Amino acid sequence: MVYAMAVCAAALSGIGNAIQQRAAARAPSASVLHWRLLGYLIHQRLWLSGIAVAVVGNILAGIALGLGSAALVEPLTVTGVLFALPVAAVWSRYRVGRREWSGAIAVVAGVVAFLLAGEPSPGQRADAPAWQWAVAAGAIGMITAGLVSLARRMRPQHEAAVLGLGAGMLFGLQAALTSTAMRRLFDDGVLSLLLSWTPYAVVAVAVIGILLAQSAYKLAPLPVSYPPVVAAEPLAGVAIGIGVLEGSLRMAPLTLAVEVLGLGVMTVGVYTLAATHLVEAHHRPHHLPHLPHLHHGSG
C-alpha cells in the first residue's frame, strides 16, 4: 500500500511537471529568469493544471513518508522522471531516444543508490535556532546564486540543466522548512505558526524555486530540464536534515563509496541529457508550429 502510493506520487509529480514544461515552453523568450514569466504562467490554465497534479503527487508522497520508511519511499518518488519522459515526448511530438533514456535512468539510479546506501534520516528537530536556519539558507542561496550566474553564460541546454539544479536545491530547502512548519502547526497551533517566520520563508523559497524551474522548462525540453531538479532536491534535503534537523547519513567506508559512486552516475546522467539533440528541436520554429509567438523576442 505504501509503496503503491509512493509510485503513484512519483507518476503524478512527473506528469504534473511535464504539463508545466509544456506551458512554460510557450512563454515569451525574454521572460526567462524574470518575474514576468510567473505572471504569464499564472494566467495559463494548462500550467495551473500541471501545478495541481504535482501538488496532489506531493501530498501522496507526504502521506507515504508518514506511513512508511523514508529510506524506501524517497527512492521511489525520485522515479517520477521516468513517468514524465514518455508523457512529454508524446505531447511535444519528439522521440525520446537511447541517449535521453540512458541519461534519465543514470540520474534516477544515481540518486536512488545514494539514498539506499546512505539511508538518510531527515531529522525531527523542532527547535532548531534561527541562526542555523540562516546559515543553511545562506549556503543554499549562495550556491543557487552561483549556479544562476554560471547558467547565464551557457548555451540553452546547459543553462537549463544548471538552473534545474538550482531549483532543486531550493525545493530541498523548501521541503525542510515545510516539515518544520508542519511540526510547529501540530504542536502549537495555527496562531503560533502564523507568528513565526517559517511559513513566510517557505513561500519565498518556493516562489524563487518555481521561477528557476520554469525558466529551465522554457529553455529546454523535459528530458534536459527536469532530471536536475529531481536530482538536487533530495540531496539538498539530506544536507539540511543533517546540518539543521539532527538527521543522519551512513558514512561507513563501503556505503560512502556507493554514495560517491551514485553521485558520480547522477552527474554523468545530467551531462548526458544536456548534450541531447532535443534542445535544438525545442528551439526550432517548426517544433511547435501552432505557437507562432515563440518567434517573438528570439535572437
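The values are calculated or read from the model by the stated rules, or taken from the named source; none is laboratory data. None of these values were measured; they are calculated from a predicted model. With ideal geometry, Cβ positions are generated from the backbone for all residues, glycine too; neighbour counts draw on all protein chains shown. Side chains included, ligands, DNA and RNA excluded: accessible areas come from the protein's heavy atoms. Shrake-Rupley method; radii C 1.70, N 1.55, O 1.52, S 1.80 Å.
Name, by its number, the condition in (1) of a type in the set (A, V, I, L, M); (2) part of a helix (DSSP H, G or I); (3) within 20 Å of Phe171 (Cα to Cα) that does not hold for Ala30.
(3)
Out of all the residues in segment 257-273, is one or more at pLDDT below 85, of a type in the set (A, V, I, L, M) and crowded, with 18+ Cβ neighbours inside 10 Å?
Scanning segment 257-273 turns up at least one residue that is at pLDDT below 85, of a type in the set (A, V, I, L, M) and crowded, with 18+ Cβ neighbours inside 10 Å.
Quick check on Pro75: is it assigned to a helix (DSSP H, G or I), modelled with pLDDT under 85 and not aliphatic (A, V, I, L, M)?
On the way: assigned to a helix (DSSP H, G or I): yes; modelled with pLDDT under 85: yes; not aliphatic (A, V, I, L, M): yes.
It is true that Pro75 is assigned to a helix (DSSP H, G or I), modelled with pLDDT under 85 and not aliphatic (A, V, I, L, M).
Checking the condition modelled with pLDDT of 95 or more, of a type in the set (S, T, N, Q) and surrounded by 19 or more Cβ atoms within 10 Å (Cβ to Cβ), which residue from Thr144, Thr180 passes? Even if it seems obvious, please write down each step before you answer.
On the way: Thr180 fails: modelled with pLDDT of 95 or more.
Residue meeting the stated conditions: Thr144.
For a quick check of your reading of the model, give me the residue pairs whose first member lies in segment 148-171 and is aliphatic (A, V, I, L, M), whose second is modelled with pLDDT under 90 and not in a helix (DSSP H, G or I), with beta-carbon atoms closer than 9 Å and at least 6 apart or on different chains.
Ala160/Met154; Ala160/Ala220; Ala160/Pro221; Ala161/Met154; Ala161/Ala220; Val162/Met154
Cβ-Cβ below 8 Å, separation at least six or inter-chain, first residue in segment 231-257 and on the phi > 0 side of the Ramachandran plot, second buried (at least 20 other Cβ atoms within 10 Å of the Cβ): which pairs?
Between residues of segment 231-257 that are on the phi > 0 side of the Ramachandran plot and residues that are buried (at least 20 other Cβ atoms within 10 Å of the Cβ), the close pairs are Glu246/Gly123.
Please tell me if Gly123 is in contact (Cβ under 8 Å) with a residue 40 or more places away in the chain, open to solvent by less than 10 Å² (accessible area, probe 1.4 Å) and outside any helix (DSSP H, G or I). Steps first, please.
Numbers: in contact (Cβ under 8 Å) with a residue 40 or more places away in the chain: yes; open to solvent by less than 10 Å² (accessible area, probe 1.4 Å): yes; outside any helix (DSSP H, G or I): yes.
Judged against the criteria, Gly123 is a match.
For residues in segment 188-211 being at negative phi and outside any helix (DSSP H, G or I), which is surrounded by the fewest Cβ atoms within 10 Å (Cβ to Cβ)? Please lay out each step first, then the result.
First, the residues of segment 188-211 that are at negative phi: 188, 190-211.
Cutting the leftovers down to outside any helix (DSSP H, G or I) gives us 196-197.
Details: Ser196: 16, Trp197: 12.
Among those that are at negative phi and outside any helix (DSSP H, G or I), it is Trp197.
Could you tell me which of the residues Leu185, Leu165 is in a helix (DSSP H, G or I), at pLDDT below 85 and open to solvent by 20 Å² or more (accessible area, probe 1.4 Å)? Full working, then the answer.
Working: Leu165 fails: at pLDDT below 85.
None of the others qualify; the one that does is Leu185.
So, Ser69, is that one surrounded by fewer than 17 Cβ atoms within 10 Å (Cβ to Cβ) and at pLDDT 85 or above or not? Step through it out loud before you land on a result.
Details: surrounded by fewer than 17 Cβ atoms within 10 Å (Cβ to Cβ): yes; at pLDDT 85 or above: no.
Judged against the criteria, Ser69 is not a match.
From the list Tyr40, Tyr94, Tyr3, which residue is open to solvent by less than 60 Å² (accessible area, probe 1.4 Å), of a type in the set (Phe, Trp, Tyr) and more than 16 Å from Ala216 (Cβ to Cβ)?
One residue alone meets the criteria, Tyr94.
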